[in-house]
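Read the structure below first, then the notes.
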Amino acid sequence: MSARTTAPSWPLVALFTAGYLAPYLLPTTVGRLDAALPLSATQAGAVGSLLLLSSAAAGFALASRIHRLGARRLARVGLLLAVAGYGTAALSTSVPTVIAGALVGGLGSGAATTVAAAGTAARPDPHRTTTLGLLSVSALAAAVYLTVPHLGPGHGLPLAAVALTAALVWPATARLPAGQGPATGRRPAPPSVAAHRPAPGPTPPLPHRRPGLVLAAAMLCWSLAQNSLWGVSSHIGTRQAGLGEATVGVVFAAALGAGLLGVLGAGALGPRIGRALPVGAGTALIAVCIVVSANADGLTSFAVGEIAWNALYPVVLSYLISLAASLDPHGRWAVLAGSASSLGTACGPLAGSLLSAAAGYPAMGWVLATALVLLAVPLAAVALRTTGGPVVRGPEPVLRGGPVEQPAEQPVVEIAVDRSRPAQGDFDTAGPPHSGTSPAAPAP
């Protein structure tokens, strides 16, 4: 029998929602920091970048320590930091206190998402759990975008929403593993099963070094370009397109709904058309959407750009994650590429604020679009180089949300099995467990 847990996935979905809500609310958070505090647009964007960088740093530091610390303990510490940090930032009008609270809250968000990602990777249905998490956080963020503009001005409302969500998720941590041992949702295998497992061998050298490095560097720049626009989207809507905050909130809610359709569409399409076409052509189409959004001068152009962009983003991202996973069955390139993407996500708001302040929103859009078109070439090249013919699947190791496609040219070996006396260990889960943070939160 598989050692995978049969516990419900809703605690992981709740943690996913609490951890990712802050990045999803980044536009309104940055916009309100600029409007309510003595901060320029660039300084507000820097605060948003620091929050995301703090979250990413927590993920990097904790990804390999979940087994020792325990998922329940780590999740509770993360939620406490999120409540304390975001709550303090929401209640204070002192700029240093707000920045410190955002940093502490970011650490809490990173801890929560680390536990959620590791637990999701250990489940028998990681794709379903990930989809539920995306649906949950997108729906909650859409509700916040629709509600907050009617509750009054001030920088504290979106931050308070994140703190309140973290507090409400606390009871779900009771269903997480506690203490030493596997903390990713796996049960320890019985001694009789463990005795049948082969001793772990040395980890092979990292394969596909050049394509992997190209992919990691390109994903860093790709995520930076996406979140450069996302970090200033609220300003584009209110200052350039002349829309009210409530109208901008409705557009963002619709964009998040389009993102959900993109997630579902990518899952349904799968590998039928390969990876090069959706990665290359999808990135080029995103560049067009960014130009439309950055040049928006009214509701129609702003809504079309934001909604189309947010529908395409998760489609391309899902193929990039799959591409990184295919480079190494042990998942090392997936972790490295995801870490690079997280760094790009963290730097995006500051980069967008600096570009827009120096050259204006339209020029910023053209710069980001040009960079994405140039990035589409190496991304598609890596996809073409590392994708062969039909994939022959062996046992599927679990990696960050789904099975890893094995290299195409796998020899098929038939093994005769004595069905009269099956050993318990014969049916154990194949492949090593992996843990790690997820790559950059989708732009929305």
| note | So, first residue closer than 15 Å to Gly231 by Cα in the range 354-368, second residue open to solvent by 40 Å² or more (accessible area, probe 1.4 Å) and β-branched (Val, Ile, Thr), Cβ within less than 7 Å, six or more apart or across chains; the pairs are Leu355/Val367
| Residue that is modelled with the lowest pLDDT [pool: residues in the range 326-353 that are under 15 Å from the mean Cα position of the chain (by Cα) and within 25 Å of Leu269 (Cα to Cα)] | Val335
| request: Taking Ile273 as meeting all but one of (1) open to solvent by 10 Å² or more (accessible area, probe 1.4 Å); (2) part of a helix (DSSP H, G or I), write down the number of the exception. | output: (2)
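Just the residues that are touching a residue at least 40 places away in the same chain (Cβ under 8 Å), assigned to a helix (DSSP H, G or I) and open to solvent by 20 Å² or more (accessible area, probe 1.4 Å), please, taken from the range 293-302. Before you say what the answer is, go through the steps one by one.
Pass one, the range 293-302, residues touching a residue at least 40 places away in the same chain (Cβ under 8 Å): 293-299, 301-302.
Applying the additional criterion that residues be assigned to a helix (DSSP H, G or I) yields 293-294, 299, 301-302.
If the condition is that a residue be touching a residue at least 40 places away in the same chain (Cβ under 8 Å), assigned to a helix (DSSP H, G or I) and open to solvent by 20 Å² or more (accessible area, probe 1.4 Å), then Leu299, Ser301 are the ones that fit.
Take the range 276-292 and flag every residue that is farther than 21 Å from Ala381 by Cα and either outside any helix (DSSP H, G or I) or open to solvent by 30 Å² or more (accessible area, probe 1.4 Å) (or both). Break it down into steps so the answer makes sense when it comes.
Initially, the range 276-292 is screened for residues farther than 21 Å from Ala381 by Cα, giving 289-292.
If the condition is that a residue be farther than 21 Å from Ala381 by Cα and either outside any helix (DSSP H, G or I) or open to solvent by 30 Å² or more (accessible area, probe 1.4 Å) (or both), then Val292 is the only one that fits.
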| note | By residue number, the members of the range 147-162 that are surrounded by fewer than 20 Cβ atoms within 10 Å (Cβ to Cβ) and over 24 Å from the mean Cα position of the chain (by Cα) are Thr147, Pro149, His150, Leu151, Gly152, Pro153, Gly154
| query | Can you spot a residue in the range 4-18 that is charged (D, E, K, R), open to solvent by 40 Å² or more (accessible area, probe 1.4 Å) and farther than 17 Å from Leu157 by Cα? | reply | no
| Hey, among Thr120, Thr42, which residue is polar (S, T, N, Q), modelled with pLDDT under 85 and under 20 Å from the mean Cα position of the chain (by Cα)? | Thr120
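Residue-wise test of (1) more than 22 Å from Thr147 (Cβ to Cβ); (2) modelled with pLDDT of 85 or more; (3) of a type outside the set (Gly, Ala, Ser); (4) not in a helix (DSSP H, G or I).
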position	(1), (2), (3), (4)
Phe16	no, yes, yes, no
Ala35	no, no, no, no
Ala58	yes, no, no, no
Leu74	yes, yes, yes, no
Leu80	yes, yes, yes, no
Ala84	yes, yes, no, no
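Checking the condition over 24 Å from Ser318 (Cβ atoms), part of a helix (DSSP H, G or I), at pLDDT below 90 and open to solvent by less than 10 Å² (accessible area, probe 1.4 Å), which residue from Gly237, Gly249, Gly231 passes? Before you say what the answer is, go through the steps one by one.
Numbers: Gly237 fails: at pLDDT below 90; Gly231 fails: over 24 Å from Ser318 (Cβ atoms).
Of the residues listed, the single one that is over 24 Å from Ser318 (Cβ atoms), part of a helix (DSSP H, G or I), at pLDDT below 90 and open to solvent by less than 10 Å² (accessible area, probe 1.4 Å) is Gly249.
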| remark: Those residues of the range 77-94 which are closer than 20 Å to Pro23 by Cα and open to solvent by 30 Å² or more (accessible area, probe 1.4 Å) amount to Val77, Leu80, Leu81, Val83, Ala84, Thr88, Leu91
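The values are calculated or read from the model by the stated rules, or taken from the named source; none is laboratory data. Only a predicted model underlies this, so the values are computations on that prediction, with no experimental measurement involved. Heads up, the Cβs are rebuilt from the backbone with ideal geometry, glycines too, and the neighbour counts pull from every protein chain shown. Please note that ligands, DNA and RNA were not included when accessible areas were found on the heavy atoms of the full protein model with its side chains. Shrake-Rupley method; radii C 1.70, N 1.55, O 1.52, S 1.80 Å.
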